[in-house]
Amino acid sequence: MIITIDGPVSSGKSTIAKILAKQLHFYYINSGFLYRSFAYILHYKYGISIDSLASYDFKKGLPFSLDQYVYDYSDYRVKVLFEREDITQFLIYPNVDSIASIIAKNPYIRDCIVNLQRHLASLHRNVIAEGRDCAIVFDKAQFKFFLTASLEVRAKRWAKSKQRTGNYFTVQEAMDFIKQRDERDINRDIAPLKPAADAIIIDNTDIGLEETVQLMLDKMKQR
């Protein structure tokens, strides 16, 4: 079985996907971490400028081999290694997140990451994949969820999550960041952010994590 969970920034998809993966004993694919890790490697390891990443010509391939790259989900934790170095800690910073949304516009990088997601899924019997276009990547998924919430609620969640890494933002700054990110994701040419035609849409503006998870489990039982 494949379950996809898509949605905008701070809609709760990552946290909820991890909870469901743990409860259901599913393998968890965080597509955001895949994009962020490629962003981090290409910009910080290979020095490709942020401005050129969206249109950078990768016809000759990536500057690194996927043999150097490891995405690991074990003990209910995601870990990304590059050349045996654990780079996971660097993937949660706002600047890396911003670069990730830029490289998602690059057709070659997107194709690489889509193929990587499908490869990871092929290695496991049951999978939960979350991101912004997982319902497209796994168009035959048995369950497709799209989570959303109001801009203000998402901004407060985002600002709170960044505090844990020592980055402090006002609610207005967070709203400005998320609004910009939403516009970039919704208006990109390749796989723009929107619910799949057969997605189950859940607005969790006024409900907590446990209620959202239970609602999703109830929706799955109803089918």
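The values are calculated or read from the model by the stated rules, or taken from the named source; none is laboratory data. These figures come from a predicted structure and were not determined experimentally. Cβ coordinates were reconstructed from backbone atoms using ideal geometry, including for glycine residues, and neighbour counts include every protein chain displayed. Protein only, heavy atoms only, side chains kept; ligands, DNA and RNA dropped before computing areas. Shrake-Rupley method; radii C 1.70, N 1.55, O 1.52, S 1.80 Å.
Miscellaneous remarks
- In the range 110-122, the residues that are farther than 19 Å from Ser65 by Cβ form Cβ pairs under 9 Å with partners that are aliphatic (A, V, I, L, M), at six or more places apart or across chains, as follows: Ala121/Ile2; Ala121/Ile29; Ala121/Val127; Ala121/Ala129; Ala121/Val137.
Yes/no per residue for (1) among the aliphatic types (A, V, I, L, M); (2) in a helix (DSSP H, G or I); (3) in contact with a helix residue (DSSP H, G or I) (Cβ under 6 Å, 6 or more places away or on another chain); (4) modelled with pLDDT of 95 or more:
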{"position": "Asp182", "(1), (2), (3), (4)": "no, yes, no, no"}
{"position": "Leu193", "(1), (2), (3), (4)": "yes, no, yes, no"}
{"position": "Asp198", "(1), (2), (3), (4)": "no, no, no, yes"}
{"position": "Met216", "(1), (2), (3), (4)": "yes, yes, no, yes"}
{"position": "Lys221", "(1), (2), (3), (4)": "no, yes, no, no"}
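- The listed residue being farther than 27 Å from Lys140 by Cα and either open to solvent by less than 60 Å² (accessible area, probe 1.4 Å) or not basic (Lys, Arg) (or both), out of Tyr28, Tyr108, Tyr93, Tyr76: Tyr93
- Residues that are open to solvent by less than 20 Å² (accessible area, probe 1.4 Å) and not in a loop (DSSP other than H, G, I, E, B) are absent from the range 164-172 altogether.
- Enumeration of residues in the range 45-66 that are in contact with a helix residue (DSSP H, G or I) (Cβ under 9 Å, 6 or more places away or on another chain), part of a loop (DSSP other than H, G, I, E, B), open to solvent by 90 Å² or more (accessible area, probe 1.4 Å) and farther than 10 Å from Asn106 by Cα: Lys59
- Checklist (1) under 21 Å from Phe138 (Cβ atoms); (2) surrounded by 14 or more Cβ atoms within 10 Å (Cβ to Cβ); (3) free of Cβ contacts under 8 Å to residues at least 60 places away in the same chain applied to Lys22, failing item: (2)
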